[in-house]
Amino acid sequence: MLVKSASFLMGSEHGRENERPVHRVRVDAFELGATQVTNAEYARFLESANHPPPPTWNDPNFNHPRQPVVSVSWFDATSYCEWLTAVTGRSFRLPSEAEWECAARGGAEGRLYPWGDEPPETRPEYATRWRNGPEPVARFAPNAFGLYDLCENVHEWCGDWYAPDYHAVPPGTRRVSRGGSWRHQVKISRCAARSSLPPELRYADYGFRVAATRLGGGTPPAQPAGTPAFR
């Protein structure tokens with residue numbers, strides 16, 4: 001989905017310390033996968049690239065075709081982006097942390113969650129979700145940009161190195177991740193909430209979605225069957 005170039009306030013004064021300082025950021029137009037990369041999409045990569053499968057690949061709690069692929073390291077996710085670039089002729093990558101937060105907010109300055117400020121715990125279905133693993137993608141309504149499951153289901157790898165004050169110079173030892181997790185007590189995160197993990201680790205609540213830099217304003221070219229939905 002297209003996210004137009006925008007200037008927005010990144011971070012939160014009411015969250016954890018690593019969400020401060022709130023600062024204005026401008027992002028150029030980019031595209032972001034409508035959903036987290038699914039097992040069905042990742043399977044094509046495994047077969048085509050002869051890449052080793054995630055350790056939970058055959059676990060029935062995690063291997064439904066429409067569930068997001070999990071137990072992928074940051075390196076696995078970037079390898080998928082490189083493969084997708086090769087087979088489509090477009091340049092795919094992981095989103096930056098700023099791009100991810102801009103997309104999650106859906107164009108609304110200061111919005112706490114992708115849908116607004118209403119806490120997720122007040123939603124009637126919240127207590128019955130995520131019993132044994134992540135849900136199939138796109139079960140519930142998308143945000144204003146047409147993006148599904150942002151801030152929930154699985155943590156999503158971003159391209160950046162992590163630093164508590166947003167400025168990783170020199171590069172750190174952990175990569176940024178964003179979004180909530182099916183296995184946490186608080187399963188849906190705020191748009192500004194930050195997390196991180198060493199890039200080589202593979203956890204059953206870590207997945208990703210892909211991004212692409214948008215050049216010009218035309219319609220993106222058609223993609224081969226099985227590539228992520230940019231719609």
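Any read-out appearing in this document is the output of simple, stated calculations on the displayed coordinates, not a laboratory observation. All values reported here derive from a predicted model rather than from experimental measurement. For neighbour counting, all protein chains shown are included, and Cβ atoms are generated from backbone atoms with ideal geometry for every residue, glycine included.
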* Taking amide H positions as placed in the peptide plane 1.01 Å from N, state which residues far from MET10 in sequence (5 or more) or on other chains have amide H under 5 Å from it. => HIS23, ARG24, VAL25
* From the phi of every residue in the stretch 68-82, what ³J(HN,Hα) in whole Hz does the Karplus formula 6.51 cos²θ - 1.76 cosθ + 1.60 yield, where θ is phi - 60° and glycine or proline is x? -> x, 5, 10, 6, 10, 7, 4, 5, 4, 5, 5, 5, 4, 4, 5
* Normalised per residue, the volume of the convex hull around the Cα set of the stretch 2-213 (Å³) -> 116 Å³
* **Which of HIS184, ALA104, ALA141, positive extreme of dipole for the stretch 2-213 (C-beta unit charges)** => ALA141
* What dipole magnitude, in Debye to the nearest 20, does the stretch 156-202 give about its Cα centre under +1 on Lys/Arg Cβ and -1 on Asp/Glu Cβ? -> 240 debye
* Structure fact -> Ranking PRO68, MET1, THR35 by how far each Cα lies towards the positive end of the charge dipole of the chain (+1 on Lys and Arg Cβ, -1 on Asp and Glu Cβ), the top one is MET1
* To do: Provide the per-residue ³J(HN,Hα) series for the stretch 203-209, in order, calculated from phi with Karplus coefficients 6.51, -1.76, 1.60 and θ = phi - 60°, each as a whole number of Hz, with x at glycine and proline positions.
  => 10, 6, 10, 10, x, 6, 10
* If you place +1 on the Cβ of every Lys and Arg and -1 on the Cβ of every Asp and Glu, how big does the dipole about the Cα centre of the chain come out, in debye to the nearest 20? -> 220 debye
* Whose amide H sits under 5 Å from the amide H of SER195, counting only residues 5 or more places off or on another chain, with H placed in the peptide plane? -> SER177
